[in-house]
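Asks: This is the structure I want to talk about, given as structure tokens.
The values are calculated or read from the model by the stated rules, or taken from the named source; none is laboratory data. The structure displayed is predicted, hence computed values, not measured ones. Neighbour counts run over all protein chains shown; Cβ positions are idealised from the backbone, glycine included. Note: areas computed on protein heavy atoms with side chains; ligands, DNA, RNA excluded. Shrake-Rupley method; radii C 1.70, N 1.55, O 1.52, S 1.80 Å.
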Amino acid sequence: MIVRISSAVSLVVVLSMLFIGFAADLCGADISTVAGTGQGGNNGDQGNATDVHVAQPFGVEIGPDSALYVTEVGNHRIMRVDRKTNQLTTIAGTGQAGYSGNRQEATNADLREPYEVRFAKNGDIYFVEMKNHIVRKIEVLTNRVSLVAGIGTAGFGGDGGAATAAVLNNPHSIALDDQGYLYIADIGNHRIRRVNLATGIIDTIAGTGAKKLPTNGSLARGNAMLGPRALCHDKGVLWIALREGHSVWSLNLTSGRLQHVAGTGEKGFNGDNGAPLQATFNGPKGIAIGPQGRLFVVDTENQAIRMIDLKQNIISTVCGYGPQGRGSGGDGADATKAQMGRPHGICVDVNGVVYVGDTMNHRVRFFTAPNVTEK
């Protein structure tokens with residue numbers, strides 16, 4: 001059975017307010033699995049979330065209905081997990097890799113490696129397909145897929161023109177702001193592209209194609225941007241994780257200036273309980289803002305989730321324990337003692353529950369972030 005996305009946008013928004021407490025049903029001090037069996041095959045497109053195979057989950061996001069949405073790279077689908085009932089349904093993708101389905105029902109579309117999913121104010125669902133080199137969306141009123149950016153082949157071009165005629169190169173992450181813009185981590189081009197959703201015009205707001213770290217405090221336009229892999233937006237700030245640059249940056253969308261937030265730029269795993277700028281990462285590929293001024297970074301090749309307390313300027317590891325911790329164990333125990341398998345996507349709900357796409361373990365896992373003492 002396949003679910004159809006509701007066309008009642010206003011109802012979804014109202015329900016989101018009612019369902020906001022659902023996360024409490026999944027809260028716990030330890031790490032647990034919310035979706036996936038640990039196997040990478042395809043055993044169906046709906047059922048109890050921990051009975052359905054979720055092959056290589058990457059992006060995770062809480063929708064306006066308070067459900068958890070997951071991009072499944074291995075089977076080229078997007079899934080929805082009802083956090084109250086734990087029921088999983090497939091909302092997009094046939095399970096076959098391909099590029100088809102524009103202007104068709106979302107569940108009839110062929111996708112290729114959907115990496116992240118985001119929600120617009122009106123309920124439309126945006127998603128990026130890395131190996132199709134495109135961004136598409138599911139229109140909430142029709143449940144049909146439409147193209148937003150990219151032509152389906154890799155390259156670079158199209159700035160100043162229609163995003164649907166532009167060329168992207170392995171886009172990995174997307175973010176939406178409150179002003180009607182879509183941001184794309186165009187990693188193969190070492191750029192961040194921006195689409196004006198009202199006009200459909202695309203441009204480059206950061207990166208030149210040069211493979212080097214940005215300069216702290218400088219304007220993002222015309223500045224290098226080494227491997228931007230993960231984006232999230234919060235209150236006029238675009239947060240950026242650089243995989244090849246092993247660091248975290250912020251872009252003030254009003255001033256257009258970059259700030260170096262964490263990571264020396266060198267590969268490693270150290271710096272916990274100290275200043276974030278003195279810490280090292282290894283290939284971060286996910287980023288999310290949580291409550292109380294906390295930034296969560298998926299330190300992928302270190303098999304860990306790092307938390308940056310932006311108020312106290314301290315970094316710590318809140319899940320996993322470093323490169324030696326690759327594996328699948330740990331459910332039911334302290335998250336900092338859990339093994340992980342090259343995690344990617346991350347999101348945090350209003351209660352501080354952190355969801356992670358534990359990619360090579362074919363599971364989505366969750367834990368409760370530690371409390372932060374306000375100063």
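Asks: Does the stretch 235-247 hold any residues that are in a loop (DSSP other than H, G, I, E, B) and farther than 20 Å from Val135 by Cβ, and which are they?
Replies: As a first pass, look at the stretch 235-247 and keep what is in a loop (DSSP other than H, G, I, E, B): 235-236, 243-246.
Lys235, Gly236, Glu244, Gly245, His246, listed by residue number.
Asks: To continue, here is another question. Which count do you get for residues in the stretch 262-307 that are in a strand (DSSP E or B) and farther than 15 Å from Arg243 by Cβ? If you could, list the steps in order and put the result at the bottom.
Replies: So the first thing to find is which residues in the stretch 262-307 are in a strand (DSSP E or B), and the list is 262, 267, 270, 280-281, 284-290, 294-299, 304-307.
Next cut, farther than 15 Å from Arg243 by Cβ only: 270, 288-290, 294-296, 305, 307.
Qualifying residue count for the region: 9.
Asks: With the requirement that a residue be in a loop (DSSP other than H, G, I, E, B) and on the phi > 0 side of the Ramachandran plot, what does the stretch 308-326 give you?
Replies: Kept after step one, since they are in a loop (DSSP other than H, G, I, E, B), are these residues of the stretch 308-326: 310-313, 321-322.
Passing the criteria: Asn313, Gly322.
Asks: Which pairs do you get when a residue that is basic (Lys, Arg), found in the stretch 272-289, comes within reach of a residue that is in a strand (DSSP E or B), reach meaning Cβ atoms under 6 angstrom, with the pair 6+ apart or on two chains?
Replies: What qualifies is Lys285/Arg229; Lys285/Ala230; Lys285/Val298.
Asks: Working carefully through the options Gln278, Gln339, find the one that is modelled with pLDDT of 95 or more, open to solvent by 20 Å² or more (accessible area, probe 1.4 Å) and under 21 Å from Ala55 (Cβ atoms). Steps first, answer last, please.
Replies: Details: Gln278 fails: under 21 Å from Ala55 (Cβ atoms).
It is Gln339.
Asks: For the stretch 207-234: of the residues being more than 15 Å from Arg257 (Cα to Cα), assigned to a loop (DSSP other than H, G, I, E, B) and among the charged types (D, E, K, R), which is most open to solvent (accessible area, probe 1.4 Å)?
Replies: Going through the qualifying residues, I end up with Lys211.
Asks: Here are the criteria: (1) under 27 Å from Asp177 (Cβ atoms); (2) open to solvent by less than 20 Å² (accessible area, probe 1.4 Å); (3) modelled with pLDDT of 95 or more. Tell me which single one Asn302 does not satisfy.
Replies: Of the numbered conditions (1) under 27 Å from Asp177 (Cβ atoms); (2) open to solvent by less than 20 Å² (accessible area, probe 1.4 Å); (3) modelled with pLDDT of 95 or more, the odd one out for Asn302 is (1).
Asks: For the stretch 281-298, how many residues meet the condition of being charged (D, E, K, R) and surrounded by fewer than 24 Cβ atoms within 10 Å (Cβ to Cβ)?
Replies: 1
Asks: Condition first: without any contact (Cβ under 8 Å) to a residue 24 or more places away in the chain and within 30 Å of Lys121 (Cβ to Cβ). Can you find one or more residues in the stretch 225-244 that meet it?
Replies: There is at least one residue in the stretch 225-244 that is without any contact (Cβ under 8 Å) to a residue 24 or more places away in the chain and within 30 Å of Lys121 (Cβ to Cβ).
Asks: Going through the stretch 31-66 one residue at a time, which ones are of a type in the set (Asp, Glu) and either surrounded by fewer than 20 Cβ atoms within 10 Å (Cβ to Cβ) or touching a strand residue (DSSP E or B) at 6+ places or on another chain (Cβ under 6 Å) (or both)? Please lay out each step first, then the result.
Replies: Initially, the stretch 31-66 is screened for residues of a type in the set (Asp, Glu), giving 45, 51, 61, 65.
Of everything in the stretch 31-66, those that are of a type in the set (Asp, Glu) and either surrounded by fewer than 20 Cβ atoms within 10 Å (Cβ to Cβ) or touching a strand residue (DSSP E or B) at 6+ places or on another chain (Cβ under 6 Å) (or both) turn out to be Asp45, Asp51, Glu61.
Asks: Another question about this same structure. Could you list, in sequence order, the residues of the stretch 85-108 that are under 13 Å from Lys137 (Cα atoms) and aliphatic (A, V, I, L, M)?
Replies: Ile91, Ala92, Ala106, listed by residue number.
Asks: Tell me, please, whether a residue that is farther than 20 Å from Gly188 by Cα, open to solvent by 60 Å² or more (accessible area, probe 1.4 Å), out of contact with any Asp or Glu (no Cβ under 6 Å at 6 or more places or on another chain) and among the charged types (D, E, K, R) can be found in the stretch 238-252.
Replies: no
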